[in-house]
Amino acid sequence: MLIRTKKASDVKSSEITPKSLFDQRRKFLKTAAIAGAGLAIGSIGGSTKADAAKLPNLTKTRWNAKTVGKDLTPYRSVTGYNNFYEFGTGKTDPITYAKDFEPRPWAIKVDGLCENPGTYSYEDLVNPHKLEERVYRFRCVEAWSMVVPWVGIPLGDIIKRLSPTGDAKYVAFETLNDPDRMPGQRRRVLQWPYREGLRLDEAMNPLTLFTVGLYGEELPNQNGAPIRLVVPWKYGFKSIKSIVRISFTAKQPPTSWNMSAPREYGFYSNVNPEVNHPRWSQAKERNIGEFLKKPTLMLNGYEEEVAAMYAGMDMRKNF
Amino acid sequence: MAVSESWTAALATPIIRPMSANTLIRRVLKPIIWGLSLAPAVWLCWLGWQVLHGNPDTLGANPVEYLNRYLGDWALRFLLIALSVTPLRILTGWAQIIRFRRLLGLFAFFYVALHLASYIGVDQFFDWLAIWQDIVKRTYITIGMAAFVLLTVLAATSTKGMIKRLGGKRWNGLHKTVYAAGLLGCIHFFMMRKGVQLEPIIYGGILLALFAVRGFNGLRRR
């Protein structure tokens, strides 16, 4: 199902915030938040609601708290229980060690088979678009899940502006590789930088979100600030965080977990309760905040929107 | 005051008979080891109590995972502690240390059993089919179960009566398999973690060091 979203050209230029004003606002918000946090008694460590900037004027979509069919996972769990090995392998390492990470200024290099390669700032990429709120189920390969109100732009809208050429069949993404800012990278848990990729049609699917926020505010550092993907019908590790590079390729790009353990993590990694994983049964999942495991839905419940892309493909072979 | 005077008097009284090594082990050191060995379990109970009394986040966002990992961590630690008794005897020459070995081994089994119980009763909530499939299909769980079965046999044959019944030589041979249990435990941990992580490597390194002490000693005695 195609969802109508405003194109870049639909946005009146008067609606676009000039960068200088944007920066001023951010600075103001930060200062205000710090002052506010000082007043708040017993504020928690890490990024809290108080010190992240609110994202205004979010467009409502049909993926909302009502249609998702489950309660939202509490903010403290969404931001306090993370897999982000760039900041350590423990679930609470990211909130602890990403605290001082500075996600601005941020640049993304675009290269490969497209007509508009180059280096774009966060503002170049994000500001021309209207931000949408989308409540998605999020399923980790470790058999736990969450329900998260993300904020972002359909990745397809960004890709259209970058104009991939006819030869481009895949999009590859890379996370920042900077052990000084990301202490988890000082050890080779994985081959850094973290790499992920999608087939171009998967990237263009209306569900795929170029994500800049959650719970109505800018992405906390531990959730992949300032820009990450959210691909809700795939296991969480496909939703790459803190993106610094986007490349259009003709061949299927290498992806980090597949490089680490090809038997365990396929390129597609679609959520599929019927395809066994050597480490975890994928038949059931524990939604964070609940005690009993519940059955996992085919393609994480997004079958209607994405199954057509895999028609005729052996999901067991292409796991 | 009268009370403090009587205390000072008591302290001033010289101890006539120094404690024998036997009494020291039985009356002082063993209770200390009991206390220390139970401390992780007691601490877990305290955390659990807090979860039920107004602090639901004490065990993090995923308390089930926390519980299972915590017990697994302590199971492996106690297994390594029990395995280090003999190397410590070799290194220090303190023969009596061997008297703590069974106690520590049984505590390792205690935490292994709790770790397994939390997997069956809390994580899988007695979904026997899922548990069976895990044991058969997921290698790290197969390995963990093998270690558990082995340790059960060793715990069951840890009494003096069983030593007599089996005979010292056979009993010794059987209980040498604890090395295998240690190895299986470390592999289980390494495989459970994703990517190449530091913690399982440290545990594996400790196990290798313990093996090395025994190995060198064995060569020297030949």
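Miscellaneous remarks
- For residue A:214, nonlocal amide neighbours, meaning residues 5 or more places apart or on other chains whose placed amide H falls under 5 Å from its own, are A:151, A:219.
- Least to most buried among A:247, A:242 (fewest other Cβ within 10 Å first): A:247, A:242
- Fewest-first ranking of A:263, B:17, using other Cβ atoms within 10 Å as the exposure measure: B:17, A:263
- The stretch A:192-223-the stretch A:259-292 distance, computed between alpha-carbon centres (Å): 19 Å
- Under 5 Å between amide hydrogens, built in the peptide plane, is the criterion, and for residue A:144 it picks out A:286 among residues at least 5 positions away or on other chains.
- Unit charges on C-beta of K, R, D, E only; dipole of the protein assembly as shown, Debye: 2480 debye
- Straight-distance crosslink candidates among aspartates and glutamates, where the alpha carbon sits under 17 Å from residue A:251 and sequence neighbours closer than 8 are dropped: A:111, A:167, A:174, A:196, A:201, A:202
- Taking other residues whose beta carbon is less than 15 angstrom from the beta carbon of residue B:47, and scoring Lys, Arg as +1 and Asp, Glu as -1, yields -2.
- Which listed pairs, of A:160/A:241; A:70/A:238; A:109/A:169; A:54/B:194, have C-alpha distances above 24 Å, in listed order: A:54/B:194
- Karplus-derived 3J(HN,Hα), 6.51/-1.76/1.60, for each residue of the stretch B:189-200, Hz, glycine and proline x: 5, 4, 6, 5, 6, 8, x, 9, 10, 6, 3, x
- Counted charge near residue A:231, where neighbours are those whose Cβ lies closer than 13 Å (Asp, Glu -1; Lys, Arg +1): +4
- Cross-link partners for residue A:294 among the aspartates and glutamates, with Cα-Cα distance under 17 Å and sequence neighbours closer than 8 places in the same chain left out: A:71, A:142, A:274, A:285, B:65, B:123, B:127, B:134.
- Counted charge near residue B:170, where neighbours are those whose Cβ lies closer than 13 Å (Asp, Glu -1; Lys, Arg +1): +4
Bear in mind these aren't lab numbers, they're just calculated from the coordinates by the rules spelled out. Keep in mind that this is a model prediction, so the values were computed, not measured. Virtual Cβ from ideal backbone geometry, glycine too; neighbours counted across all protein chains shown.
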